[in-house]
1. Out of all the residues in region 19-50, which are farther than 19 Å from Pro100 by Cβ, surrounded by fewer than 18 Cβ atoms within 10 Å (Cβ to Cβ) and hydrophobic (A, V, I, L, M, F, W, C)?
2. Restricting to region 1321-1342, and then to whatever is under 25 Å from Leu752 (Cβ atoms) and assigned to a loop (DSSP other than H, G, I, E, B), can you tell me which residue is most open to solvent (accessible area, probe 1.4 Å)?
3. Among the residues of region 724-739, is there at least one that is open to solvent by less than 30 Å² (accessible area, probe 1.4 Å), in contact with a Pro (Cβ under 9 Å, 6 or more places away or on another chain) and closer than 22 Å to Ile420 by Cα?
4. Within 26 Å of Ser688 (Cβ to Cβ), in contact with a Lys or Arg (Cβ under 9 Å, 6 or more places away or on another chain) and among the acidic types (Asp, Glu) - does that describe any residue in region 786-793?
5. If you go through region 1006-1023 one residue at a time, do you hit one that is over 38 Å from the mean Cα position of the chain (by Cα) and closer than 28 Å to Arg1107 by Cα?
6. If you go through region 1512-1542, how many residues are among the β-branched types (Val, Ile, Thr) and open to solvent by 50 Å² or more (accessible area, probe 1.4 Å)?
7. Exactly one condition in (1) in contact with a helix residue (DSSP H, G or I) (Cβ under 8 Å, 6 or more places away or on another chain); (2) open to solvent by 30 Å² or more (accessible area, probe 1.4 Å); (3) among the hydrophobic types (A, V, I, L, M, F, W, C); (4) modelled with pLDDT under 90 is not met by Val165; state its number.
8. Please pick out the residue among Ile466, Ile489 that is free of Cβ contacts under 8 Å to residues at least 40 places away in the same chain, open to solvent by 50 Å² or more (accessible area, probe 1.4 Å), out of contact with any Lys or Arg (no Cβ under 6 Å at 6 or more places or on another chain) and of a type in the set (Val, Ile, Thr).
Amino acid sequence: MSAALEKYCGSVFWNASFLAQEDADLPVCFQQTVLVWIPIGFFWIFAPWQLMPMCKSKAKKSSLTKLYITKQVLAALLMLTAVAELALAFVGNVRQDQPPPVQYTNPSLYIATWLLVLLIHDARRFYLRRDSGVLFCFWILSLLCGIFPFQSLIRKALQAPISDVPRFVLFFISYGLQLLLFLVSSFSDIASEAKETTKKNPEVTASFLSSLTFEWYTSMVLKGHRKPLEMEDLWDLKDKDKTKTISVKMEKNMKTLIKKAKAEMEKRKRKKRLRESDPDHGNRMSKAQSQDILVLEEKQTKGKRKGAKGDSGPGKDFPKGWLLKTLFKTFWQNLLLSVAFKLVHDGLVFVSPQLLKLLISFVSDADAFAWQGYLYAILLFLAALVQSICLQQHFHLCFQLGVSVRASLTAAIYKKALTISSTTRKESTVGETVNLMSADAQRFMDMANFVHQLWSSPLQIVLATIFLWLELGPSVLAGIGVMVLLIPINGFLATKAKSIQVRNMKNKDERMKIMSEILSGIKILKLFAWEPSFEKRIKEIRARELRDLRNFSYLQSVSVFVFNSAPFLVSLASFAVYVLVDENNILDAQKAFTAISLFNVLRFPMTMLPMVISTLVQTNVSTERLERYLAGEDLDTSAIHHDPIAGNAVRFSEATFAWEQDGNAVIRDVTLDIKPGSLVAVVGAVGSGKSSLVSAMLGEMENIKGHVNIQGSLAYVPQQAWIQNATLKDNILFGSELDEARYQQVIKACALLPDLELLPAGDQTEIGEKGINLSGGQKQRVSLARAVYSNADIYLLDDPLSAVDAHVGKYLFDHVLGPKGLLQKKTRILVTHSISFLPQVDNIVVLVAGAVSEHGSYSSLLANRGAFAQFLNSYGVQEMDTSEEKAAAVALVEDAEQSDEDTEPCVEEGPDDVVTMTMKREASIRQREFSRSLSRRSTRSFQEAQKEAPKKLKGQQLIEKEAVETGKVKLSMYVRYLRAVGWGFSFFVTMGYLTEYVAYVGTNLWLSAWTDDAQLYLNQTYPPAQRDLRIGVFGALGVAQAVFLFAATILSAHGAVQASRVMHQQLLNNILHAPMSFFDTTPTGRIVNRFAKDIFTVDETIPMSFRSWLSCFMAIISTLLMISLATPFFTLVIIPLGIFYYFVLRFYVSTSRQLRRLDSVTRSPIYSHFGETVSGLSVIRAYGHQERFLQQNESTVDINQKSVYSWIVSNRWLAIRLEFVGSLVVFFSALLAVISKGTLEGGIVGLSVSSALNVTQTLNWLVRMSSELETNIVAVERIHEYTKVKNEAPWVTEKRPPHGWPSKGEIQFVDYQVRYRPELELVLQGITCDIGSTEKVGVVGRTGAGKSSLTNCLFRVLEAAGGTIFIDGLDIATIGLHDLRQNLTIIPQDPVLFTGTLRMNLDPFDQYPDKEVWKALELAHLKPFVQDLPEGLFHPVSEGGENLSVGQRQLVCLARALLRKAKILILDEATAAVDLETDQLIQTTIRSEFADCTVLTIAHRLHTIMDSNRVMVLQAGRIVEYDSPEELLQKQGIFSAMAKDAGIINAQTTAL
């Protein structure tokens, strides 16, 4: 081989003697062949692929740029030099001095290569990123290989005159041109048409070098340092990172894999069935019988399980194992690329210890050549550099994977939520579903970051073991043995930790569930003074959670202890065994420090492996939860047909529907035809299945048999309006195009014009979450307007008139729903409780227990003489002239009688069905998160407000933008956290870490001295006493190190739990004491976020960050100390490096901190939008707007992705710069060792360089931890922000009211004024009146007159702006809120129930004996219903009272009031959502039971207050009339006008 090459070059190819001298050099032939072929070979293997786009005809080239032209000119010049060189060879040939073949082949190779370079430059114009990575690597290789001939030629030229001048010149010209090209190609080449794209995201066009070093991100870091970053400053995502792109890919893979998984599941089920049915053979039972019994048993267990928990129990099988496969299929390219980078990195990790070994031997060997030392130092530097570039690229890919995985899962969960069946949906509450999105998707993101450690750690461990074996021989096995022993310990700790983790997830779920309920029903808690009871419930859960957290922290400290003592125990075991096994084994510097640096290499994979495994375990839990949810059953709408049938809009064909697949049918055998353009009313008692009928048409129910045929598009108005957090206009348009004329027409017809005048910014007013700044009636009208505007063919109206005042109801019927309304040409199906409109409808459907008992026109039903006719007839509604309202009133009165005839037999026939029907009635229609009824917003105040502020109207933005704290996190936050931990704890923890590192430095110095013994006792026997002393002290120092660490971690665990307890306690306490106005202006999501994300951070993340930070800080100080001890000059290097480090850190931290803040702020909308979607599902589905909501979710996620991605890049930007500092530290410590050779012992050099090798990682971690700590401490800041919220008055004050107060129940208002928020106008403008003991007073007035404000004042939900209220002569402002609120009773407008038992909902403090509770239920007409429930009083109420009908919930609220039996009762429009029958029950009960109490009724329907002693008429916050109803009717004032509207002529009309 070498002979052939020598012939080819015409000189010697290789001779070792060339290197064995002070001025070593490589032979010329070697330089001409190998060093030329390496770069060219690399280039020709990888480059031709770059020409692919030239073959595609379609692609378009981007324009020319100056940079491109420069590159092409330089490449052309290079080509000329190669041509010139070839020409020289031919000229030489002509002259007859036969040049060797190499002088022809090399120039020819180069000509071809430069040609290819020209072509590649051109081909790259097809891409956005016009810079080629392959080319860049080629330039680097070529320049590196060129250094050898470069220095050879110069040295030769200095020694003697140059023999071959032309070639000499050509070489330098060509080398110079290559250098220029290298420099030019490190800039980004941006075509003019790509300028815009670059502005949006410079990464797309960044050059190869810029991408490697993340240089393109520098401008962002600078900007972030100059000013706090805003969302607008961040760059757009690349198209391939956008949620839409990712989720489309994922969706495709998911479908196929779920199909397979479902098939597997069926197989499992079949096997299980076979196993179960086997033992039956001996039973002598016919197959059919055993089947029946099985079915029966199944039903019973089902019932039990449902009672236990809505979680569908872990018993239910689901398709398993498809999620990870899906993710792999979706992201395989990313995974492969990161594997490649990691492999290179892992290989280089082991190069450094070998170089260290050579360096130590160089220092110890007096005869070594100087150039060797410098070579080792440079190689150490290069290895470190390439290593860090590869590692950062690897991490970048991993984090990118994490972000994409999170986005795709979030999108998948959201999409699933839109299609999920009601059965699956009931299995998890809104809170739990949101948790899937926040916690579980986040877990996957964390896992993706480290997933490669699963193969990389074992690989590194194996390689390290092999190299160690080469150093220390079999005695390494002692060290490895120690490691292997530690693995089961960790396995044990991991499984323990897992079980705690799972328990804690449950606690957390439960706590968050109660918390979100508290926030949704906060108004009720305040009115009933129930906060302490709920606070107690949360505290109990929190105590359990903290107990688990403490145990978890203890386990963590044990594993930290095991892990940190591992490397030391390992080296102790190995060295001790090595020295003890054989006299001749002497531990010298080479062996010891190579081994130590290998042990250090081992340390990382060994720490990572258990961490990754535990993350994997946690991810496993999440995988299960996600697989169960995402593979859940979809909504089956196959029973809804869309066949064209002439003359038919909706046809039910023997339709039977239930809420659950095997539940009881709620709609039975309904056969109905509804003609296009007709108005059909659906009537029936509470629980007769009216709302369910609507749900069945929407496809929300499980079809048992039959089908429904619907022609045309649907619009749907649910019973409880669902309002989005958007402007009023957006709520009405609901994603349709704006047609101004139609919009105005709709608003007018829906009676929204007067409301728009009252709202601060008209239809641009932002509506809060769940429509919180609108009254019930307004919400309902907006919901109706949305339906009308959508211009559908069929309208499903579920009792839309229940929440509005009577005159508004009449107006809406006339202008929208009725025969002359806007919708007269449309098909309308109206569920209604209001009898007055029935004569005007085309068709009436009467439902009894889910079946149609009769239907027909009003007149034909009367003629039929059925139940309906008797019911109407007995009250002579034929006198139509006395107005429909009167009829309603009459019907109301005697309604109770009818109920006796009608419902009793029904109950006897099948109690079970009635109960389940009533329970399930309307469960899906009603919103999941029951709307928080809110004080009507003041009205007058806004008109003035409009005059004042033309720009941003006062009150237009109800919800303040979430405060994003900017700038540096205040030191006070750290202090606050440490104070919560306890100063004693903090001090001892710090001391623990300090002493640990003192011991650490001691151990290393001792080892260095030990290795120098090898030189001392060079040819003597090593004294055993000395040996034992060395081992003993080494061991003792190591043990000390471990013990101090253990103490510190245990103490910090204690302190952290302490801090968690304190902070949660303060937060909870304060939120429960916050005034109502705080909840009106703060979205629930934001408060929930404090309790979920921020408390989690304080619980788990901050303690970890604090510990790691301390640990890193001490490690760096101790390392620098050791290097400086070895080579004192190093202190000079520390200063500039320290300055650079500090600046990078300063710049980075300000950017990173702001990015983390933006992340948490942009994250809340994802969850609140999701929560909103889940609660408005039926509406979104009915209108078919799933696609629009999906897109909105995608854009919300993308906004969050932008900040997360930016944050990830900022970390990489930082890391690569810091690792550069680390590489320099290594380089200088090695270089200084080489320079001061001769004065140093091998041991100390080994110590200094091996410490330096270790410092890079630690430097990186320190900054990471500093910023992590800064970012996480923000949680303390955010929690603190809500512990400073202004509180309402104290719950109990010094002044307690007398026992039995109020005994009489007299109320006096003296010039009472009130406003909602300080900046708004007065709502009640000086009210003065007296209400006598046991008087019954009705309060009436148009919407916004201040009726509800009156109740809020009595309960001091609003504090007085002037004047006072006396109850029994006691000024209510002087006593504690609870003393006041516990002695008043209210039946609120929205019946709010909480999760828990029925009994808990009636009496959360367990103050009353069961007997009284039953009595209250009996009076509220709920006793028969509750007695029939399997658990009776302990019947579980689901979230928001889902499993009771609206009417039943209202009755539970009545029972609540009856149980309290205070002297003063306030009724707030309680009759709105109830049918006439229930209404009647409530009215009668109140009359009889509260006869000796003062009753204030805030009425929507006038006839409910016609029998009161006096009526108070409010207008614009003033009392305009206040007298008995008879007097007022004669006075011809406002009241009599309202009465006329309602068709009440004299007080006797209502015959109450």
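1. If the condition is that a residue be farther than 19 Å from Pro100 by Cβ, surrounded by fewer than 18 Cβ atoms within 10 Å (Cβ to Cβ) and hydrophobic (A, V, I, L, M, F, W, C), then Leu19, Ala20, Ala24, Ile38, Phe42, Trp44, Ile45, Phe46, Trp49 are the ones that fit.
2. Arg1342
3. no
4. No.
5. Scanning region 1006-1023, I find at least one residue that is over 38 Å from the mean Cα position of the chain (by Cα) and closer than 28 Å to Arg1107 by Cα, so the answer is yes.
6. Qualifying residue count for the region: 2.
7. (1)
8. Ile466
The values are calculated or read from the model by the stated rules, or taken from the named source; none is laboratory data. Just so it is clear, the structure is predicted and the values come from calculations on it, not from any experiment. Positions of Cβ are backbone-derived with ideal geometry, glycine not excepted, and every protein chain shown enters the neighbour counts. Quick note on the areas: whole protein, heavy atoms, side chains included, nothing else; ligands and nucleic acids left out. Shrake-Rupley method; radii C 1.70, N 1.55, O 1.52, S 1.80 Å.
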